[in-house]
Each structure stands twice: as C-alpha cells, then as structure tokens.
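Have a look at the structure below before the remarks.
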Amino acid sequence: MKGRKLLMIPGPIEFEPEVLHAMGRATTSHVAPDFIECFGKSIELMREVWRSPQGQPFIVAGTGTLAMDMAAANLVEKDDRVLVISTGYFGKRYKDIMDRYGAKTTILEVPVGEVVDLDAIENELKNNSYKALTLTHVDTSTGVLVDPEPIAKLAQKYNCLSILDGVCSVAGEEINQDDWGIDVVLTGSQKAIGVPPGLALLVASEKAMQVWNNRKTPVGSYYADWSNWRPIMKAYEERRPSYFGTPPVNLIVALETSLKIILKEGMEVRVKRHHELAKAFRIGLAALQFEFLPESNEISANTLTAAYYPKGVDGSALLAKLSKDGVILAGGLLPELKTSYFRIGHMGSVSSNDLIVVLSSLERALIELGHPVKAGEGLQAFQSELLTKNLAIV
Ligand SMILES: *Cc1c(COP(=O)(O)O)cnc(C)c1O
C-alpha cells in the first residue's frame with residue numbers, strides 16, 4: 001500500500017489502469033494508419049457518449065477551458081448578446097470568456113447552492129434578442145446540478161444557441177444532446193471522461209456549425225478557429241491523413257480506450273451508478289452531520305459533493321489528516337466561502353469501495369479532531385442505503 005493514494009477530487013480523477021497503460025504505448029506518427037483509425041473511432045464514439053448522432057465532434061489539445069473558449073470564439077461576434085446562467089465559479093468564467101470576445105453579456109446569478117429560475121431565463125430571452133446562452137451542467141465550485149433540457153428548449157423557442165459547460169458532467173450525468181437540442185456540449189478529458197488532463201472535447205450541433213459558417217467576421221483566435229480544425233476532424237473520420245497542429249497522440253489513444261470502457265458499461269448504467277453512489281455517499285456524510293452547498297437533493301451533482309466543514313472543525317487540518325491517510329480531497333473554490341467547505345469528486349471509475357475508504361478516513365479524522373461522531377456511523381448509513389438498492393455496484 002505504500003505510496004498508494006486515492007485521488008478523490010473533481011478532476012483529475014482515478015483513471016482506469018487500461019487508460020493509463022494506453023497512454024504509455026509508444027508514440028506513433030499522427031498520420032500512422034493505426035493512429036488515424038484511433039482518432040476516427042474516437043470521434044465516432046464521442047457522438048455515442050454525447051448522444052449526438054448529428055453533431056460535429058472536436059478533439060483538440062488543451063483543457064476544458066479551451067473547449068469553453070472555442071465555443072465562444074467560433075459562435076460569438078463582437079456586440080452579440082450572450083446570456084450567462086451562472087451557478088458558481090465556472091459560470092463567472094464563461095462571462096469573462098464571452099466578454100473577451102466583445103459580447104454584450106448578461107449574467108443571471110443566484111445565491112450559492114441555488115439554481116436560476118426558468119421564468120427568469122424566459123423573461124430575459126423574451127425581452128432581449130440573445131445570440132447564445134451558456135449554462136453549467138455541474139458547477140464544480142458548488143456541486144449544483146442544473147437540468148439542461150428545459151433551458152435548451154427555451155433557447156430553441158427564442159432562437160438562441162445553447163452552450164453547455166459539461167466539463168464536470170459529460171459521461172457522468174445524463175446528457176442527450178440532440179434530443180434536448182443543445183448546440184454545444186463541451187468537456188475536458190480529466191473529469192468523468194476519465195483520461196489524464198490535456199484534451200478539450202466538444203460536440204457542436206448542425207445549427208451551431210451553420211451559425212459559425214455564417215459569421216460576418218473572422219474568428220478572433222487562430223488556434224481555436226474551427227476553420228482550422230473541422231477539416232482535420234473530417235479527415236480523421238474519413239480515415240485520411242491530415243495536419244493542422246500535432247495532436248497529442250498518447251492522449252487520444254487513451255481517449256479511445258476510455259470511450260470504449262464507458263460505452264461497454266453503457267451510458268444508462270453509468271449514469272445510474274453515479275446517481276446511486278452519490279446519493280448513498282451523501283446519506284453517509286449526513287450521518288456524520290455534514291451539510292451540503294446545494295439546497296436540495298434534486299439539484300445535487302452526481303459527480304461530486306460539496307460539503308461544509310462541521311462547526312468547530314478546522315478544515316485544513318481535516319484535509320491534511322485525510323491526505324496523510326492517502327485520501328486526497330479538494331478544498332473550496334468559491335473565493336467567498338473557500339475556507340468553510342470542501343469537495344469530493346466521485347466520477348468516472350468511482351466505486352462503492354472508494355467511497356467506503358473516504359467515509360472511514362473522514363470518520364477517523366473527525367474523531368481525532370474532537371468532533372462528536374462515532375466510528376462507523378457514516379459507513380453504516382452508506383451501507384444501508386446501498387443494501388436497500390439491492391444492487392451490486394462495483
Ligand atoms: C474543471 C472545470 C472547468 C475547467 O476545466 P479545465 O480543464 O481546468 O480548464 C470548466 N468548467 C467546469 C464545470 C469544470 O468543472
């Protein structure tokens with residue numbers, strides 16, 4: 001066990017051994033036939049995970065933020081109106097990105113732990129002509145889950161593009177891009193997609209591609225411009241060699257491996273596993289007197305949990321104890337609440353056994369810090385919940 005740590009933060013996550021082995025294969029040329037096949041296949045598999053048979057996938061070296069930037073750079077022109085629906089830190093980031101491209105942005109915000117009211121969104125869309133809206137599926141700073149479907153439907157009703165920041169949700173939460181009519185669904189590789197950091201991934205709808213095609217002005221970012229990347233995606237999908245910028249060969253080999261693992265489990269089963277584990281985990285935490293940032297279960301993410309430190313418990317001492325025990329959790333991210341809460345990622349390969357380790361370590365650390373809980377209280381609640389499901393969650 002020496003040196004073995006359990007990485008339970010909201011990305012990077014614990015990766016499947018096969019994915020890590022795939023990363024370590026000898027790097028081939030980006031135009032080697034095997035790699036062309038792998039890239040082409042990855043594009044096809046993304047459509048299945050996103051549930052977007054009509055969409056145009058993009059696989060580009062960069063982080064989740066580049067995927068956000070790419071959607072903004074290609075779809076928004078100076079003075080376009082953009083509505084940012086924010087449930088935390090990453091909502092605000094989207095406003096900064098849109099502002100950078102000269103958009104006229106309006107941000108709808110709510111107190112921490114709440115979601116923006118649908119009526120407030122409809123009001124804005126009705127009274128102003130927006131080119132696009134952005135929403136964060138799971139805001140990793142608050143653990144708040146937003147239901148994208150009704151918002152995407154409103155966007156369609158008012159002829160506005162919808163851009164979903166799915167960095168902390170794609171391949172963990174339910175997404176049906178085409179059925180729900182979302183124009184861009186984007187993510188980064190290191191979260192529920194389960195590949196080490198370094199890939200910006202997004203799928204754009206046919207409508208988004210048309211809007212991009214009809215731009216009046218050139219895209220303001222050379223690297224992010226779809227004019228450079230679309231022919232590359234097309235070539236790989238048609239199994240032809242091509243070049244714009246050298247793709248991160250090893251990461252894409254790992255991506256194909258991970259997408260195959262995801263689809264072998266099946267999206268429905270995978271989403272259900274995330275849901276049931278998240279629910280049971282929070283029942284376990286609640287038994288240890290933790291309270292959560294999202295104001296209800298219905299709007300709590302299934303990919304991570306954001307919880308307040310119990311009163312009287314020194315947060316940094318708690319995280320340090322867990323780290324010594326080999327369990328790595330994340331601190332707070334919202335500047336105004338940074339020291340009062342922490343976050344546990346439970347996405348991708350996460351199993352009930354991982355969460356048992358987290359709960360038992362938390363119990364011991366709390367007891368050592370003098371917090372009045374009994375060893376086993378959180379575990380018992382977690383176990384009971386899993387047993388009522390009568391499910392073998394591995
Ligand atoms: C992590 C995250 C991002 C940023 O992704 P990077 O890969 O760190 O650039 C954006 N949005 C959400 C919701 C995230 O969770």
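Bear in mind these aren't lab numbers, they're just calculated from the coordinates by the rules spelled out. Since the model is a prediction, treat every value here as computed from it, not as a measurement. Here the Cβ is made from the backbone with ideal geometry for all residues, glycine too, and neighbour counts use every protein chain on show.
See the values below:
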| quantity | calculated |
| --- | --- |
| Ranked by how many other beta carbons lie within 10 Å on average, peptides 168-181, 43-56, 107-120 from highest | 168-181, 43-56, 107-120 |
| Helix axis angle, 89-100 relative to the chain longest principal axis, alpha carbon, degrees | 20 degrees |
| Helix 64-75 axis, angle to the chain major axis (alpha carbon atoms, nearest 10°) | 30 degrees |
| Angle in degrees between helix 118-127 and the longest Cα principal axis of the chain, rounded to the nearest 10 | 20 degrees |
| Rg followed by Dmax, in Å, when region 6-60 is reduced to its Cα trace | 14.1, 38 |
| Compactness of region 171-290 - radius of gyration and Dmax, Cα, Å | 18.3, 57 |
| Part-to-part distance (alpha-carbon centres) for region 3-57 and region 130-168, which is given in Å | 25 Å |
| Share of Cα-Cα pairs in region 17-265 lying beyond 23 Å, as whole percent | 47 percent |
| Principal axis dimensions, region 1-121 - Cα atoms, whole angstrom, descending | 50, 41, 26 |
